[in-house]
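Worksheet: one structure, shown below.
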Amino acid sequence: MSEYAEFWRRFRRNPLAMVGLITVVFICLTAIIAGIFVPQDSVITQDLRIALNPPSWQHPFGTDHLGRDIFLRVVYASRTSLLVGITVVAIGMTLGTLLGLLSGYFGGWVDSLISRVVDIMLAFPFLLLAIAVSATVGPLMLDWIASYGFDRSQFSMLPVIIALGFATFPSYARLVRGSVLSIKEEQFVDSARAIGVTHLPIMYKHILPNLFGTLLVYGTLRVSTAILAESGLSFLGLGALPPEPTWGNMLSDGREYLLFYSWLPLFPGLAILVTVLGFNFLGDGLRDLLDPRMKDL
């Protein structure tokens, strides 16, 4: 049996991992289909004649207070959530891996400097740090973009992505540093040094590949954290500019109608719940699969 076949066989034996994989694939396909077949006009056009209509065959999730179809808006907003989640993880993982690799491998003053910066940033709550960066840097960034003639609304998520990526990298840096401290003492690293391999090839070819499993699992789990954080910022009005729909600002719009028109916040909230659970189940399954102690079970 090939290595990939064995990997898939063991993965299928974990029911929650399979549920997570199916959920993530479904959400990704939904986002792709929304980008192709759901025009933006259909999710921002208002029709007050059908405002606050309950779920029906014509509008499966009902309509909001401005007569917009909630189903189409939830589906369309999946693009934003996945874009933010994956991009934030990519930014945080890239920067955190680089700093953690340098810190763990070289040690000394390099380790002390990077570790102190990481410690200071980890002292701030994750979401509070993201709010501070987004609220201060975001307007300046959008003004700078608008000065070149671009539409601010098209880049409204850029400050959120940068803020969350900046707030995320310290956790990656600490994780990678701890792993590098252990890996660099292994015999294959000593052997590479003995035959004259320089620092950069050792880090790139010998240490970094051994971090792949750890980063894959942690990154998968952090996608859900990024989606939750983006929803929180959008709920507070620090995310996408209206009328661009996101799950967070849909929750914010629907909170005033919670008692009498519960479907307004219900369906975007369920979309967040299902997506976060899907990535968490998938990450837990990958963690169990890549744990050497689980291979004989």
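Confirm whether I70 is crowded, with 20+ Cβ neighbours inside 10 Å and touching a strand residue (DSSP E or B) at 6+ places or on another chain (Cβ under 8 Å).
When the stated conditions are applied, I70 passes them.
So which of I50, I91, I70, I44 is within 30 Å of G178 (Cα to Cα) and β-branched (V, I, T)?
Checking each option against the conditions leaves just I91.
Applying the selection to segment 1-26, what residues are assigned to a loop (DSSP other than H, G, I, E, B) and free of Cβ contacts under 8 Å to residues at least 12 places away in the same chain?
Kept after step one, since they are assigned to a loop (DSSP other than H, G, I, E, B), are these residues of segment 1-26: 1-2, 13-14.
Selection gives M1, S2, R13.
Those residues that are hydroxyl-bearing (S, T, Y), within 30 Å of L273 (Cα to Cα) and buried (at least 24 other Cβ atoms within 10 Å of the Cβ), I need them from segment 79-118; list them, please.
Listed by number, the residues that qualify are T80, S81.
Name the residue that is farthest from L102 (Cα to Cα), counting only residues in segment 203-244 that are in contact with a Ser or Thr (Cβ under 8 Å, 6 or more places away or on another chain) and part of a loop (DSSP other than H, G, I, E, B).
The residue in question is E244.
Being in contact (Cβ under 8 Å) with a residue 40 or more places away in the chain and more than 14 Å from the chain's Cα centre (by Cα) is the requirement here; does L277 meet it?
No.
List the number of the failed condition for K205; all other conditions in (1) crowded, with 21+ Cβ neighbours inside 10 Å; (2) without any contact (Cβ under 8 Å) to a residue 40 or more places away in the chain hold.
Condition (1) is where K205 drops out.
Go through segment 119-132 and give me each residue that's assigned to a helix (DSSP H, G or I) and either without any contact (Cβ under 8 Å) to a residue 60 or more places away in the chain or surrounded by fewer than 11 Cβ atoms within 10 Å (Cβ to Cβ) (or both). Working first, answer last.
Within segment 119-132, the subset assigned to a helix (DSSP H, G or I) is 119-122, 126-132.
Residues satisfying the conditions are D119, I120, M121, L122, L128, L129, A132.
Report yes if some residue within segment 57-77 is β-branched (V, I, T), modelled with pLDDT of 90 or more, in a helix (DSSP H, G or I) and within 17 Å of I227 (Cβ to Cβ); otherwise report no.
Yes - at least one qualifying residue is present in segment 57-77.
Can you pull out the residues in segment 27-50 that are surrounded by 15 or more Cβ atoms within 10 Å (Cβ to Cβ) and part of a loop (DSSP other than H, G, I, E, B)?
Hit for segment 27-50 is V38, nothing else.
Counting only residues that are buried (at least 22 other Cβ atoms within 10 Å of the Cβ) and of a type in the set (A, V, I, L, M, F, W, C), which one in segment 273-290 is nearest to Y4 (Cα to Cα)?
Filtering first and then ranking leaves L286.
Give the residue, chosen from F267, F235, F281, that is within 18 Å of M18 (Cα to Cα) and among the aromatic types (F, W, Y).
Checking each option against the conditions leaves just F281.
I'd like the full set of residues that are in contact (Cβ under 8 Å) with a residue 24 or more places away in the chain and buried (at least 18 other Cβ atoms within 10 Å of the Cβ), limited to segment 184-201.
Applying the first criterion (in contact (Cβ under 8 Å) with a residue 24 or more places away in the chain) to segment 184-201 yields 184, 199.
K184, the sole residue that qualifies.
Could you go through segment 241-258 and let me know if any residue there is of a type in the set (F, W, Y), more than 23 Å from M93 (Cα to Cα) and modelled with pLDDT of 90 or more. Show your work before the answer.
First pass over segment 241-258, keeping only residues of a type in the set (F, W, Y): 247, 257.
With the extra rule that they be more than 23 Å from M93 (Cα to Cα), the set shrinks to 247, 257.
Okay, now just the ones that are also modelled with pLDDT of 90 or more, so 247.
Checked segment 241-258: at least one residue is of a type in the set (F, W, Y), more than 23 Å from M93 (Cα to Cα) and modelled with pLDDT of 90 or more.
Limited to segment 133-163, what total is found for residues that are surrounded by 14 or more Cβ atoms within 10 Å (Cβ to Cβ) and free of Cβ contacts under 8 Å to residues at least 24 places away in the same chain?
5
Out of (1) under 22 Å from the mean Cα position of the chain (by Cα); (2) assigned to a helix (DSSP H, G or I); (3) at pLDDT below 90, what's the single condition that is false for L140?
With respect to (1) under 22 Å from the mean Cα position of the chain (by Cα); (2) assigned to a helix (DSSP H, G or I); (3) at pLDDT below 90, L140 is out only on (1).
What is the residue count in segment 257-280 for residues that are in a helix (DSSP H, G or I) and within 15 Å of T63 (Cβ to Cβ)?
Qualifying residue count for the region: 7.
The values are calculated or read from the model by the stated rules, or taken from the named source; none is laboratory data. The model shown is predicted, which means the values in this text are computed figures rather than measured ones. With ideal geometry, Cβ positions are generated from the backbone for all residues, glycine too; neighbour counts draw on all protein chains shown.
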